[in-house]
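This report concerns only the one structure given below.
The values are calculated or read from the model by the stated rules, or taken from the named source; none is laboratory data. Keep in mind the model is a prediction, meaning the values are calculated, not measured. No Cβ is skipped: glycine too gets one built from the backbone with ideal geometry, and neighbour counts run over all protein chains shown. SASA here: full protein model, heavy atoms, side chains in, ligands and nucleic acids out. Shrake-Rupley method; radii C 1.70, N 1.55, O 1.52, S 1.80 Å.
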Amino acid sequence: MTVTDVNDNNPEFRMPHTLNVNESAAVNSVVGLIQAEDKDVGVNARLAYSLLSNSQIFSINSTTGEIKVFRQ
């Protein structure tokens, strides 16, 4: 067996985690984008985005990090 990578790097976010959203933002409109990078390789570098709490107002694409208004 050959080990090609050890999952030893934490993801690093490219921007602050705070977003300001106008209360008149339309449903399904993109209001933010969360991006991170993991210096590991292969499977160990895969990222999945999620919201910390169940939001009835916002949704996040687990692959792209795109945040949308789910409902008003």
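Of all the listed residues (18, 4), the sole one being out of contact with any Lys or Arg (no Cβ under 7 Å at 6 or more places or on another chain), more than 29 Å from residue 57 (Cα to Cα) and either part of a loop (DSSP other than H, G, I, E, B) or modelled with pLDDT of 90 or more (or both) is 4. Taken over segment 23-40, residues that are under 30 Å from residue 6 (Cα atoms) and either charged (D, E, K, R) or loosely packed, with under 11 Cβ neighbours inside 10 Å (or both) amount to 4.
The number of residues in segment 41-53 being touching a residue at least 24 places away in the same chain (Cβ under 8 Å), part of a loop (DSSP other than H, G, I, E, B) and loosely packed, with under 13 Cβ neighbours inside 10 Å comes to 1.
Among the residues making up segment 54-72, those that are open to solvent by less than 80 Å² (accessible area, probe 1.4 Å) and either free of Cβ contacts under 8 Å to residues at least 40 places away in the same chain or not hydrophobic (A, V, I, L, M, F, W, C) (or both) are 55, 58, 59, 60, 61, 62, 64, 65, 66, 68. Of all residues in segment 7-22, those being open to solvent by less than 90 Å² (accessible area, probe 1.4 Å) and among the β-branched types (Val, Ile, Thr) number 1. Determine whether segment 50-60 contains at least one residue that is more than 22 Å from residue 9 (Cβ to Cβ) and in contact with a Ser or Thr (Cβ under 7 Å, 6 or more places away or on another chain). Yes, that holds for at least one residue.
Residues in segment 41-69 that are in contact with a strand residue (DSSP E or B) (Cβ under 7 Å, 6 or more places away or on another chain) and within 30 Å of residue 3 (Cα to Cα): 47, 49, 50, 65. Give me the residue from segment 36-72 that is of a type in the set (S, T, N, Q) and over 11 Å from the mean Cα position of the chain (by Cα) and, out of that set, modelled with the lowest pLDDT. Here the answer is 72.
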